[in-house]
Amino acid sequence: GRMAIVNGTLAEGMLYTEALLRRQQSILRGIFLAVTYPTPLLEIISRHGLSEGLVQQVLQEMVSGGQLPGSVEGGLKRTFVPHAYERACSAAIHESYTEHQYIDYHTLRNFGVGHPQQYMAGRYNPPTGARQKEAKAAAPKLPKGRRK
């Protein structure tokens, strides 16, 4: 018999042709560009009858390659989080904080902020050491021996 050489990718014990991979990538790009809120990958996989391993591989390649604006978070229950959602949450947090001059940690958790205290401290109240370094950098420097 004749032996054919197949150009493909091995994933989950299956050999996928490059044509199938490109088609899956196009489908996934369309799906994930339309997503406006954090979406579990298993929801997309089951709704569209896709291969879990292939989806995770292709999605990670698109995110790391900059083709898809977002991030993949979580362990076993991985979730795609679009950058547009992150920007909208960040803007809403900032607006609420500046309008009311406070924001409670419960509200931050509702926006998906895992560590509210660290988030607020890092964003609105930089550590004292950083402020001291900024002040030193901004202070005028006198030549040595001419200080009074």
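The values are calculated or read from the model by the stated rules, or taken from the named source; none is laboratory data. Just so it is clear, the structure is predicted and the values come from calculations on it, not from any experiment. Cβ coordinates were reconstructed from backbone atoms using ideal geometry, including for glycine residues, and neighbour counts include every protein chain displayed. With ligands, DNA and RNA removed, areas are computed over all heavy atoms of the protein, side chains included. Shrake-Rupley method; radii C 1.70, N 1.55, O 1.52, S 1.80 Å.
Just a few scattered comments:
- Screening Tyr102 on (1) modelled with pLDDT of 90 or more; (2) out of contact with any helix residue (DSSP H, G or I) (no Cβ under 8 Å at 6 or more places or on another chain); (3) not assigned by the TED database to the domain that holds Arg23 shows it passes everything except condition (1).
- Within the range 51-67, residues that are touching a residue at least 40 places away in the same chain (Cβ under 8 Å) reach no partner that is of a type in the set (Ser, Thr, Tyr) and in a helix (DSSP H, G or I) with beta carbons closer than 6 Å at six or more positions or on different chains.
- Residues that are over 21 Å from Glu86 (Cβ atoms) and touching a strand residue (DSSP E or B) at 6+ places or on another chain (Cβ under 7 Å), drawn from the range 8-55: Gly8, Thr9, Leu15, Tyr16, Thr17, Glu18, Leu21, Gly53, Leu54
- Pair list, Cβ < 7 Å and 6+ apart or interchain, from the range 15-27 residues that are of a type in the set (Ser, Thr, Tyr) to residues that are open to solvent by less than 70 Å² (accessible area, probe 1.4 Å): Tyr16/Gly8; Tyr16/Thr9; Tyr16/Leu54; Thr17/Gly8
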